[in-house]
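To start, the structure itself, in structure tokens.
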Amino acid sequence: MADSDTSISIENEEQLWIELHKVVATQCPAEAHEIIDDALRSWLYLASRCREEFSRSEDDVANASQSLLDGALFHTDPEYVRKQIIYSLLQEDEPGPLYVIANFLLIDGRAEEATFKRMIEEGCFHRLLELINGRKEDDPGLHRLLLDLMYEMSRIEQLRIEDLLHVDDGFVIYLFELIEGLSDDVHDPYHYPIIRVLLVLNEQYMVASTTTISDPASPTAPLTNRVVKCLSLYGPNYRTFGENIILLLNRETETSLQLLILKLLYLLFTTKATYEYFYTNDLRVLLDVIIRNLLDLPNELMSLRHTYLRVLYPLLAHTQLNQPPHYKKDEVQKLLRILAGSGNTHFAPVDETTLRLVDRVAKVKWLADEGIEGIGAGEVARKFLGISLSHNDAASNVSVVDVAAVMEKPGVQTPSKKAEAEAGAEAEAEAKVEARAKAEVRAEAKNDIKNEVPRRSSSDLRRSIDVARRSSSDVRRSSDLSRPSSSEKSKEVSKSEKSNRPKKPLPEVPKHRHGIPYATSVLENGTRNTKKSPPKAPPPRRKGRIKHTETVKSISELV
């Protein structure tokens, strides 16, 4: 299937999709492998042409892959089609066909996990290592797709020991260096596809180490965790990776990815060479995230809660957070009291593992300086569970095996107490609004019934009969009333005389309160001065009327 079918001439995008749908709709017997191979070659050629010449987005190739999965060609013999495409991944070197093949395997594997298992059995992990290592500049889109394929394949199935042996320090350092550089994808500024690959590789190393301990048939040589080794040796050069995984933990809601991050954090905080790999501010952010998530986890998620507590102990005991001033000391002590159920007798008792882990965290030196009453595992277990824990049981026996054994299916979202409470409050508010609306509708219906015209009672009927009887007499009187009487005639005459009399003119109201009309003055430039001038002052008051009369008499006498 590696050879492309160039016999189909394509002139435009519409013709390409028509031909592609014809190919995937090919019907043939399941034994006709040659016909299936020819059709797969044609599909691979057309899908590659779509990406190279007509593709406007990555969704076009995904649509081509989905059309093959939905077509009659695939359903003729699904296992044979998958096997042929997996073999093509092992043999193909051209970026165009490789992109189409990887896209199909990724979509099919997410829907059918057996595809990823088959890929591991056929040795695709080693092939992906070769295609990813040092080839980002050739085709960034293909590089990102291959990283996603490696991540999805590795988190579904346990890798073989020989596959992990192919991972060397050079490959891990290459991924760390990519994270340190600037991202060329605006939708992925933090290199999450690369980070996820490193996280899943760390988990594979942890699982492989526990398998080596429990399985006597496994190789006796210890398997080196390349991720932790590179961070132990060159950690200060790759601190961006540490910053980004804390950001990812803060935002991630998928349980499986949270567990991947917590497993790596546990190893880093329990390995002496990486105690101080993170910046102090990043550790404080991490502590805030852990406190928030522990308080927000529902009671049924015990395994995730235990993993958080297993990470919390070395975080507080071994990192820079054990140095004064101690960050969030009161909040951590309050958290431990809540998790241990101290003073709470209304809810279900806490499980033994949580009590043991809480007791271990409480014994961190800088937390236990002032003494924390009521959260000891032995005391709480005796009070709420009715059991007694020995010294060995109260001390935590946590190990890499316990952390590595915690698993969750991909895609499962972590429930949140806060989200559930908000959803419940929203539902309750909607129910109240609906009930209020129904009550208003009922009240309006009652008002409408009250405002309707009531049926006539017996008294109303009697009144209507009396009105009908009076109407006949009113008609008789109407003729007489239409003729005016003498008195009415005199009134009409008087009204007409009054209307003909001339009206007296109303007294003239002065325009100014002093009786002088106001005149607008014209300025030199021709504009009117509309500003009102203040009234003149009244004349001065005379001294007295008696003196005034005397002066008048004297003058008359003189004359």
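Here segment 88-112 is the region considered, the condition is being aliphatic (A, V, I, L, M) and within 20 Å of D37 (Cβ to Cβ), and the residue that is surrounded by the most Cβ atoms within 10 Å (Cβ to Cβ) is V100.
The number of residues in segment 52-93 that are part of a helix (DSSP H, G or I), under 16 Å from K22 (Cα atoms) and of a type outside the set (F, W, Y) comes to 12. Restricted to helices (runs of 4 or more DSSP H) entirely inside segment 234-299, those with at least 2 residues that are closer than 23 Å to I173 by Cβ and out of contact with any Gly (no Cβ under 6 Å at 6 or more places or on another chain) are 239-251, 255-270. Taking every residue in segment 75-97 that is of a type outside the set (A, V, I, L, M) and pairing it with any residue that is open to solvent by 30 Å² or more (accessible area, probe 1.4 Å) and part of a helix (DSSP H, G or I), at least 6 positions away or on another chain, the pairs with Cβ-Cβ distances below 7 Å are Y80/H33; R82/R118; G96/R51; G96/E52. Looking across segment 18-37, the residues that are out of contact with any Phe, Trp or Tyr (no Cβ under 8 Å at 6 or more places or on another chain) and open to solvent by less than 50 Å² (accessible area, probe 1.4 Å) come down to E19, T26, C28, A32, D37.
Checked against (1) open to solvent by 30 Å² or more (accessible area, probe 1.4 Å); (2) more than 17 Å from E13 (Cβ to Cβ), E58 passes all but a single condition, namely (2).
Where residues in segment 137-176 are in contact with a helix residue (DSSP H, G or I) (Cβ under 8 Å, 6 or more places away or on another chain) and over 27 Å from T210 (Cα atoms), which of them is modelled with the lowest pLDDT? Spell out the reasoning first.
So in segment 137-176, the residues in contact with a helix residue (DSSP H, G or I) (Cβ under 8 Å, 6 or more places away or on another chain) come out as 138-139, 141-161, 163-164, 166-169, 171-173, 175-176.
Checking which are over 27 Å from T210 (Cα atoms) leaves us with 138-139, 141-146.
Working: D138: 83, D139: 86, G141: 90, L142: 92, H143: 93, R144: 93, L145: 94, L146: 95.
Restricting to residues being in contact with a helix residue (DSSP H, G or I) (Cβ under 8 Å, 6 or more places away or on another chain) and over 27 Å from T210 (Cα atoms), the top hit is D138.
Among the residues examined, L309 qualifies as among the hydrophobic types (A, V, I, L, M, F, W, C), assigned to a helix (DSSP H, G or I), more than 24 Å from the chain's Cα centre (by Cα) and modelled with pLDDT of 90 or more. Restricting L335, L315 to residues that are in contact (Cβ under 8 Å) with a residue 40 or more places away in the chain, under 17 Å from N281 (Cβ atoms) and surrounded by 18 or more Cβ atoms within 10 Å (Cβ to Cβ) narrows the list to L315.
Quick one: in segment 302-312, of everything that is aliphatic (A, V, I, L, M) and surrounded by 16 or more Cβ atoms within 10 Å (Cβ to Cβ), which residue is farthest from R284 (Cα to Cα)?
The residue in question is L304.
The set of residues from segment 247-270 being more than 16 Å from R155 (Cβ to Cβ) and either under 18 Å from the mean Cα position of the chain (by Cα) or open to solvent by 40 Å² or more (accessible area, probe 1.4 Å) (or both) comprises L247, L249, N250, R251, T253, T270.
The values are calculated or read from the model by the stated rules, or taken from the named source; none is laboratory data. Predicted, not measured: the structure shown is a model, and the values here were computed from it. Cβ: placed from backbone, ideal geometry, glycine included. Neighbour counts: every protein chain shown. With ligands, DNA and RNA removed, areas are computed over all heavy atoms of the protein, side chains included. Shrake-Rupley method; radii C 1.70, N 1.55, O 1.52, S 1.80 Å.
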